[in-house]
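Report on the structure given below.
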Amino acid sequence: MTVRRIVPNVHAGSEEAIATSRDFYGLLGFEEVMDMGWVTTMASPANPTAQISFFTEDRTGPVVPDLSVEVEDVDAVYAQVLASGAEIVRELKDEEWGVRRFFVRDPGGRVVNVLTHRS
């Protein structure tokens, strides 16, 4: 199983808070790589897998996940997680913006968004 990146997700609460965070992380060298209004992702230009995302909400999920883990094969990971008995917070689903994902709760109570970008 290949993990491609791990992204911390911050529940910013409002679009104004996202803008403030975007400005601050820009001072640290991050650049905006995605803005969907309700979620904005910043990345390092030198290392594009070094990212942080800011959310007002998750438009298709029940909660804002604490972190996102991009994997090579989300279907295989989903099968393993289901077999383990871990709590699925949101079932596996294709999203209109080109990802396939599910949410699972880790043993510490954090919600993890596990995803693959579809080709």
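Here, each number is a calculation from the coordinates, and none is a lab measurement. These numbers were taken from a predicted model, which means no experiment stands behind them. All Cβ positions, even for glycine, are placed from backbone atoms using ideal geometry, and neighbour counts span all protein chains on display.
Observations on the structure shown:
- Overall form of the stretch 1-57 per C-alpha gyration tensor (a/c, 1.5; a/b vs b/c): oblate
- Shape box of the chain [Cα atoms, principal axes, largest first, Å]: 43, 29, 28
- Here Met42, Met1 are placed in order of increasing Cβ neighbour count within 10 Å, fewest first, which gives Met1, Met42.
- Helical mean residue ellipticity (222 nm; -39500 (n - 2.57) per DSSP H run of 4+; nearest 500) of the chain: -6500 deg cm²/dmol
- The stretch 56-119: C-alpha gyration tensor shape, a/c 1.5 cut-off, then a/b vs b/c: oblate
- Counting DSSP beta bridges with both ends in the stretch 1-86, the antiparallel % (nearest 5): 80
- Protection proxy ranking, peptides 28-38, 44-54, average beta carbon neighbours within 10 Å, highest first: 44-54, 28-38
- Counted without the sites themselves, the longest stretch of the chain free of trypsin sites (Lys or Arg not before Pro) in a DSSP loop having at most 12 other beta carbon atoms within 10 Å is 1-109.
- The chain: relative contact order in percent, alpha carbon pairs under 8 Å with at least 6 residues between: 25
- Furthest towards positive pole of dipole, Thr116, Val89, Pro48, structure part the stretch 24-119, Cβ charges: Val89
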